[in-house]
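Written below as structure tokens is the structure these notes are about.
The values are calculated or read from the model by the stated rules, or taken from the named source; none is laboratory data. Here the structure is a predicted model, which means the values were calculated and not measured. Here the Cβ positions follow ideal geometry from the backbone for every residue, glycine too, while neighbour counts run over all protein chains shown. Accessible surface is based on the protein model in full, side chains and every heavy atom, while ligands, DNA and RNA are left aside. Shrake-Rupley method; radii C 1.70, N 1.55, O 1.52, S 1.80 Å.
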Amino acid sequence: MAKETFEITDEIGIVRVDKHLANIFPEYSRSALAKLFLLNLIKLKGEPIEPGYKLRPGAVIEYDLGPLQEKPEVIPLPIIYEDENVLVVDKPAGIISHARGKFWQEASVASFIRDRISGMSGERGGIVHRLDRATSGVMICAKNEESLKFLQKQFHDRKVQKTYVAIIDREPKEPVAIIDAPIGRNPKDPKTFYVTKEGKNAETRYEITDQLDKKFVVNLSPKTGRTHQLRVHMSYINCPIIGDHLYGGTDNDRLLLHAHTLELELPDGNRKVFTADLPAEFNIKS
């Protein structure tokens with residue numbers, strides 16, 4: 001979009017520029033418009049201005065809405081199930097669940113479903129829950145606001161049953177156990193988390209299901225849903241997941257963590273189990 005202008009008239013009076021933008025462009029959220037200031041695309045007499053700048057009658061503001069009208073790239077994703085309320089996909093490793101804000105135009109699950117949803121917008125429209133970029137597997141999305149709330153409540157109330165599969169190369173002390181250890185953000189490295197008594201409660205059940213030489217297949221069933229929970233808990237018991245560079249895992253082309261099954265009640269009242277087949281990398285006997 002080409003750069004355009006608007007003028008503050010006597011009828012408008014003195015007004016903050018961010019509030020005036022919100023009034024004349026109601027189709028955009030306040031947070032979206034705020035990004036234009038970060039990119040210096042709102043100017044007075046050729047100079048960028050701050051969101052709180054007070055405009056007086058006669059001021060002519062130059063603006064460029066172009067970045068807000070760009071849509072993130074869309075790539076096809078494998079669909080496991082779809083009905084009028086939900087869409088279940090098999091997210092590949094390396095794909096983000098939703099944009100990370102500002103003008104992140106990378107393809108995501110959210111960009112894939114955006115043309116299938118109604119009544120929802122924004123960077124996270126239709127996203128019920130997240131999988132880390134490096135994690136593959138089953139992910140359910142909502143196609144309308146009512147279904148979104150219905151599904152999110154199940155996750156909040158811990159009525160959703162999830163099973164992940166991971167590959168590790170250190171044998172746990174016990175073949176089956178529950179890791180009950182609170183998790184919090186690491187103040188020394190805010191992009192990571194760690195076990196700390198000041199953290200939020202977190203519980204994971206694990207079970208070794210297969211072994212070949214020094215590789216072990218482990219089923220992980222989280223009772224809670226903390227960020228990086230499975231990765232942190234496995235590292236906590238000195239069995240980090242292969243490919244987990246954040247938490248001490250052996251170097252690998254990808255993180256060997258896969259969301260295998262997801263069981264929950266759908267908005268139509270049926271309870272279903274969705275399964276994303278294990279990628280070839282998880283066959284330790286191949």
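The table for this structure:
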| item | result |
| --- | --- |
| Residue within segment 179-200 that is closer than 19 Å to residue 250 by Cα, in contact (Cβ under 8 Å) with a residue 12 or more places away in the chain and surrounded by fewer than 21 Cβ atoms within 10 Å (Cβ to Cβ) present | yes |
| Residue within segment 259-280 that is of a type in the set (Lys, Arg), open to solvent by 50 Å² or more (accessible area, probe 1.4 Å) and farther than 21 Å from residue 128 by Cβ present | no |
| Tally of residues being free of Cβ contacts under 8 Å to residues at least 40 places away in the same chain and either closer than 21 Å to residue 48 by Cβ or among the aliphatic types (A, V, I, L, M) (or both) across segment 9-19 | 3 |
| Residue under evaluation residue 175, criteria (1) surrounded by fewer than 18 Cβ atoms within 10 Å (Cβ to Cβ); (2) out of contact with any strand residue (DSSP E or B) (no Cβ under 7 Å at 6 or more places or on another chain); (3) of a type outside the set (Phe, Trp, Tyr), criterion not met | (2) |
| Residue match in segment 222-244 (condition: without any contact (Cβ under 8 Å) to a residue 12 or more places away in the chain, acidic (Asp, Glu) and in a loop (DSSP other than H, G, I, E, B)) | no |
| Every residue from segment 215-244 that is more than 12 Å from residue 179 (Cβ to Cβ) and out of contact with any Leu (no Cβ under 8 Å at 6 or more places or on another chain) | 215, 216, 217, 219, 225, 227, 240 |
| Unique match (being touching a helix residue (DSSP H, G or I) at 6+ places or on another chain (Cβ under 9 Å) and open to solvent by 10 Å² or more (accessible area, probe 1.4 Å)) among 127, 140, 167 | 127 |
| Of residues in segment 214-243 being open to solvent by 30 Å² or more (accessible area, probe 1.4 Å), within 24 Å of the chain's Cα centre (by Cα) and among the basic types (Lys, Arg), the one nearest to residue 174 (Cα to Cα) | 223 |
| Meets criteria (over 19 Å from residue 155 (Cα atoms) and of a type in the set (S, T, N, Q)) for residue 283 | yes |
| Qualifying positions in segment 1-56 - at pLDDT 80 or above and of a type in the set (D, E, K, R) | 4, 7, 16, 18, 19, 35, 43, 45, 47, 50, 54, 56 |
